[in-house]
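Participant: Below you'll find the structure I mean.
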Amino acid sequence: MSSNVTIEVLRYLPENDSEQVVQSYEVPRTKDWVILDAINYIKDELDGTLSYRWSCRMGVCGSCGMMVNGEPVLTCAKFVESYLPGTIRIEPLENFPVIRDLVIEMGDFMEKLESVKPWIIRDDDYPEEKEFIQTPFELSEYKKFSMCINCMLCYSACPVYGLEPGFTGPAAIALGQRYNLDNRDMGNAERNEVLTQEEGIWQCTLVGECSAVCPKDVDPAAAIQRLKLTTTVNWFKSFLMPWKNR
Ligand code: SF4
Ligand code: FES
């Protein structure tokens, strides 16, 4: 068994390179290392010019997402051993512009999150000092969709977002549903103007990769399909019972 592991990193230094280049590093094979440990070893011991994001090292902050052997993963949550034998290839998250090395531009993602109005909307003056009690069932309606850590793995895995960058995308739609399904919220109609527009839920072709790669089981594909169903049922009701809209 080799005592080293070969890590290939797709690098981009805009001041030197006109395009991305692959650089190889040898790191010690260490049983309990996650991929992020190997990258930190490269940064600390071999090449201090390597750039990437990370923070918590415990699957919470969502900042360490990268492509590892072609799959979008949290690098703090995947063991090096699980990719052996063979070379491990690390690349920036797909479907995003690259700023430098493994650091991607996330402005488009942040704008999309904000576009779905991710806050409780009310059209009355609910007293701030009064508790709004929810039953366990009412909480369970949206809890799953509130577990997102904004890691962007789902956007990297989504072929629709890759082809149509205007697509609102999985995490933002799941976030919109998190508020739509919260019984304290009264903003469904306002929020759905964004979620059901041309670049919203109807662009999803139900590939399901977003849910497959999500490290927090948010299941954005289910959020999208549920909103498609609700929107369709509401459309039929307004067609068959137009007086209900008056
Ligand atoms: S839905 Fe899942 S994969 Fe997408 S950003 Fe949130 S946690 Fe990450
Ligand atoms: S470093 Fe925070 S999720 Fe990986």
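The values are calculated or read from the model by the stated rules, or taken from the named source; none is laboratory data. This one's a predicted model, so the numbers in the text were calculated from it and none came from an experiment. In this analysis, Cβ positions are derived from the backbone assuming ideal geometry, glycine residues included, and neighbour counts consider all displayed protein chains. Areas reflect the complete protein model, heavy atoms only, side chains present, ligands, DNA and RNA absent. Shrake-Rupley method; radii C 1.70, N 1.55, O 1.52, S 1.80 Å.
Participant: Given the criterion acidic (D, E) and surrounded by 15 or more Cβ atoms within 10 Å (Cβ to Cβ), identify the matching residue among D37, D32.
Facilitator: D37
Participant: What do you reckon, is E138 farther than 28 Å from S63 by Cα, more than 16 Å from ligand 2 (Cβ to nearest atom) and modelled with pLDDT of 95 or more? Break it down stepwise before answering.
Facilitator: Values: farther than 28 Å from S63 by Cα: yes; more than 16 Å from ligand 2 (Cβ to nearest atom): yes; modelled with pLDDT of 95 or more: yes.
Here the answer is yes, as E138 does meet what is asked.
Participant: If you don't mind, another one. Quick check on the range 59-74: of everything there that is farther than 12 Å from I149 by Cα and either open to solvent by 80 Å² or more (accessible area, probe 1.4 Å) or part of a loop (DSSP other than H, G, I, E, B) (or both), which residue is farthest from ligand 2 (Cβ to nearest atom)?
Facilitator: Checked the range 59-74; the qualifying residue farthest from ligand 2 (Cβ to nearest atom) is G70.
Participant: Condition (residue is under 15 Å from the mean Cα position of the chain (by Cα), within 16 Å of ligand 2 (Cβ to nearest atom) and of a type in the set (G, A, S)) applied to the range 170-179: is it met by at least one residue?
Facilitator: Among the residues of the range 170-179, at least one is under 15 Å from the mean Cα position of the chain (by Cα), within 16 Å of ligand 2 (Cβ to nearest atom) and of a type in the set (G, A, S), which makes the answer yes.
Participant: Check L84 against each of (1) in contact with a strand residue (DSSP E or B) (Cβ under 6 Å, 6 or more places away or on another chain); (2) open to solvent by less than 50 Å² (accessible area, probe 1.4 Å); (3) away from ligand 2 (no atom under 12 Å from the Cβ) and name the one condition it does not meet.
Facilitator: Condition (1) is where L84 drops out.
Participant: So is T205 at pLDDT below 95, of a type in the set (S, T, Y) and within 16 Å of Y155 (Cα to Cα) or not?
Facilitator: On the way: at pLDDT below 95: yes; of a type in the set (S, T, Y): yes; within 16 Å of Y155 (Cα to Cα): yes.
Spelling it out, T205 is indeed at pLDDT below 95, of a type in the set (S, T, Y) and within 16 Å of Y155 (Cα to Cα).
Participant: Going through T196, T205 one at a time, which residue ends up being of a type in the set (S, T, Y), out of contact with any strand residue (DSSP E or B) (no Cβ under 7 Å at 6 or more places or on another chain) and surrounded by 14 or more Cβ atoms within 10 Å (Cβ to Cβ)? Walk me through it before giving the result.
Facilitator: Working: T205 fails: surrounded by 14 or more Cβ atoms within 10 Å (Cβ to Cβ).
After ruling out the rest, the residue left standing is T196.
Participant: Something else now. Among the residues of the range 209-224, which ones are away from ligand 2 (no atom under 16 Å from the Cβ), under 15 Å from L74 (Cα atoms) and either open to solvent by 40 Å² or more (accessible area, probe 1.4 Å) or of a type in the set (D, E) (or both)?
Facilitator: A212
Participant: Give the range 147-188 a look and list any residue that's within 10 Å of ligand 1 (Cβ to nearest atom) and more than 17 Å from S115 (Cβ to Cβ), or say none.
Facilitator: M147, I149, C151, L153, S156, A157
Participant: When you scan the range 120-132, do you find a residue that is under 21 Å from C210 (Cβ atoms) and in contact with a helix residue (DSSP H, G or I) (Cβ under 8 Å, 6 or more places away or on another chain), even just one?
Facilitator: No: the range 120-132 contains no residue that is under 21 Å from C210 (Cβ atoms) and in contact with a helix residue (DSSP H, G or I) (Cβ under 8 Å, 6 or more places away or on another chain).
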